[in-house]
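Since the structure comes first, as structure tokens, the remarks are kept for the end.
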Amino acid sequence: GIAVQGSVDGEGKVSLYNHYIDGWRDVPLCEIIEKRYGRTAFVQHDPLSIALYEQWDKNYLHEQDIILIRLAFGIGMGYIHNKAAINRR
């Protein structure tokens with residue numbers, strides 16, 4: 001898995017936008033990684049990766065819904081609904 005800042009497509013394959021890298025638009029990160037390393041890959045917004053880690057590390061695996069709000073250089077959110085990560089634009 002690849003955690004990125006900015007927007008990610010709903011299928012977890014393309015990094016749509018990253019405010020911190022000029023010209024970063026519609027970058028097919030999964031395709032690049034899969035071709036380079038021959039492994040299946042997925043990409044997700046970094047707060048969702050943090051929410052998944054917190055779910056596992058803090059033993060919240062029994063929780064149905066988790067929302068993580070990340071305040072850093074901007075505001076990001078990771079959302080887990082019915083124990084499944086939601087990857088939204």
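The values are calculated or read from the model by the stated rules, or taken from the named source; none is laboratory data. Every value quoted in this text rests on a predicted model; they were computed, and no experiment measured them. Note that we place each Cβ from the backbone using ideal geometry, even for glycine, and neighbour counts take in every protein chain shown. Ligands, DNA and RNA are stripped out before the accessible areas are found, and what is left, the full protein with its side chains, is counted by its heavy atoms. Shrake-Rupley method; radii C 1.70, N 1.55, O 1.52, S 1.80 Å.
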Can you tell me which residue is least open to solvent (accessible area, probe 1.4 Å) among those in the stretch 20-45 that are touching a Lys or Arg at 6+ places or on another chain (Cβ under 9 Å) and either part of a helix (DSSP H, G or I) or basic (Lys, Arg) (or both)? CYS30
Test GLY12 against the stated conditions and say whether it is open to solvent by 30 Å² or more (accessible area, probe 1.4 Å), small (Gly, Ala, Ser) and not in a helix (DSSP H, G or I). no
For the structure I just gave you, tell me whether LEU48 is buried (at least 18 other Cβ atoms within 10 Å of the Cβ), at pLDDT 80 or above, of a type in the set (A, V, I, L, M, F, W, C) and under 19 Å from LEU16 (Cβ atoms). yes
Of all residues being out of contact with any His (no Cβ under 7 Å at 6 or more places or on another chain) and modelled with pLDDT of 80 or more in the stretch 58-77, which is nearest to VAL14 (Cα to Cα)? Just the residue, please. MET77
Name every residue in the stretch 1-59 that is in contact with a strand residue (DSSP E or B) (Cβ under 9 Å, 6 or more places away or on another chain), over 18 Å from ALA72 (Cβ atoms) and touching a residue at least 60 places away in the same chain (Cβ under 8 Å), in order of residue number. ASP9, GLY12, LEU16
Counting only residues that are over 16 Å from ALA3 (Cα atoms) and among the aromatic types (Phe, Trp, Tyr), which one in the stretch 51-67 is most open to solvent (accessible area, probe 1.4 Å)? TRP56
